[in-house]
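The values are calculated or read from the model by the stated rules, or taken from the named source; none is laboratory data. Just so we're clear, the structure is a prediction, and the values are computed from it rather than from any experiment. With ideal geometry, Cβ positions are generated from the backbone for all residues, glycine too; neighbour counts draw on all protein chains shown.
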Amino acid sequence: MYRLMRVNAANRNGLGRFYFVLGLYTYLLLAITCSPSTAYETLHGQAQGSTYSIQFAQDQLVDGIELHGEIDQLLSRIDSSMSTYVPSSLISSVNQSEGAWVRIDDMFMKVLTRSIEVANETDGAFDPTIGSVVRLWGFGFDEIRGDISDKNIQEALARSGFDQIKIDTLASSVSIPKGFSIDFNAIAQGFSVDTLALLLESKGIQNYMVELGGEVRTRGYNAQGDHWNIGIDRPINELATGRELQAIITLKNQSLATSGNYRKFWIDEQTGIKYAHTIDPKTGRPAMNQLLSASIVHVEATMADAYATACMVWGHLKCIEFLEGNADYFGVLIYTDEEGNWFTYYSPELNITMVQTD
């Protein structure tokens, strides 16, 4: 049974995806916790065009300064593996390989394997090879929009297709056809959060909250002995109105990722049509549906991240069908009807408090 809540449709202009101005994809959430006591420590830093924040039980770690250095080194390794913003990264080498085999590291292999897994499960709604299409629409790393025409879109689509990726697991190598481009932006930050969480666990830390660019993974309890409470932004243009919370949910050893189509977009000056950044891999065009944002809960941030993107391609009806048919996934969806009225769907299994109802 759907759980729906109608909300005010004000400020529907300015729809676009959660995006931080420094560059990479990021999903803006707010971690709602009380002020940590002296038993907890918080580490902050910059990474992947955004910021990270990590809270953990201090008495479970001897040297927090050393941990901070390890975190930054780990994030640097991730960038060197799969950031299209780093010219010397492995993913840049793969995309420039002209079809040759390129040796990759374990992190790249894990993300690529998961990406193909999700691509198959979503029948291509998630596809890591649509980099050429993304760049054509001006949503790539250079943010330069090309000549949008049916001909150019079809040519870009011809240079995509996850089933064309070749993997040699024994040699830890990958090959893509000439002209193809792999893009992990819709999954890499989730993977980064999971990797940071595993680093904490390797240090014996059992109570933590890891947040990077809005992607979140939690375990155990916060400083007050409660499970971690995470806030979800109301999908409005924060530059014009300021940020508002739509809901607060409690995570119990779970991860949360949010994707939306209300902060990163461009408007065709001739037609006035607003094009959001989420590209439908089947059409080569921005996904046009009534879903404003999808917040997906899963044990792993990697999978929550990928499926949040798939949901933005599907739209709310297909996403609700997916959530109600998969016991491992939960979600909060904000969407409109034909008249522009707002509605919220949330999985009944979630411990959720709606904070915006009019």
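Applying the criterion of being part of a strand (DSSP E or B) and within 14 Å of the chain's Cα centre (by Cα) to the residues of the stretch 240-267, the residue that is modelled with the lowest pLDDT is GLY260. Just one of the listed residues (SER132, SER93, SER76) is without any contact (Cβ under 8 Å) to a residue 12 or more places away in the chain, touching a strand residue (DSSP E or B) at 6+ places or on another chain (Cβ under 7 Å) and not in a loop (DSSP other than H, G, I, E, B), and it is SER93.
Counting the residues of the stretch 98-129 that are buried (at least 20 other Cβ atoms within 10 Å of the Cβ) and in contact with a strand residue (DSSP E or B) (Cβ under 8 Å, 6 or more places away or on another chain) gives 5.
Would you point out the residue of the stretch 160-210, among those that are in a helix (DSSP H, G or I), under 19 Å from the mean Cα position of the chain (by Cα) and aliphatic (A, V, I, L, M), that is nearest to GLY99 (Cα to Cα)? Filtering first and then ranking leaves ALA188.
Hey, any hits in the stretch 302-325 for a residue that's surrounded by fewer than 18 Cβ atoms within 10 Å (Cβ to Cβ) and under 22 Å from GLY220 (Cα atoms)? The answer is no, given that none of the residues of the stretch 302-325 is surrounded by fewer than 18 Cβ atoms within 10 Å (Cβ to Cβ) and under 22 Å from GLY220 (Cα atoms). Applying the criterion of being hydroxyl-bearing (Ser, Thr, Tyr) and in contact with a Lys or Arg (Cβ under 7 Å, 6 or more places away or on another chain) to the residues of the stretch 274-331, the residue that is nearest to THR353 (Cα to Cα) is THR302. When only residues in the stretch 211-231 that are assigned to a loop (DSSP other than H, G, I, E, B) and touching a strand residue (DSSP E or B) at 6+ places or on another chain (Cβ under 9 Å) count, which is nearest to ASN185 (Cα to Cα)? Applying the filter and picking the extreme gives GLY213. With a requirement of 2 or more residues that are free of Cβ contacts under 8 Å to residues at least 60 places away in the same chain, the strands (runs of 3 or more DSSP E) lying completely within the stretch 276-348 that satisfy it span 291-298, 330-336.
Please go through the stretch 88-136 and pick out each residue that is over 20 Å from SER173 (Cβ atoms) and at pLDDT 95 or above. Full working, then the answer.
If we filter the stretch 88-136 for residues that are over 20 Å from SER173 (Cβ atoms), which is where we start, we get 118, 120-127, 130, 132-136.
VAL118, ASN120, GLU121, THR122, ASP123, GLY124, ALA125, PHE126, ASP127, listed by residue number.
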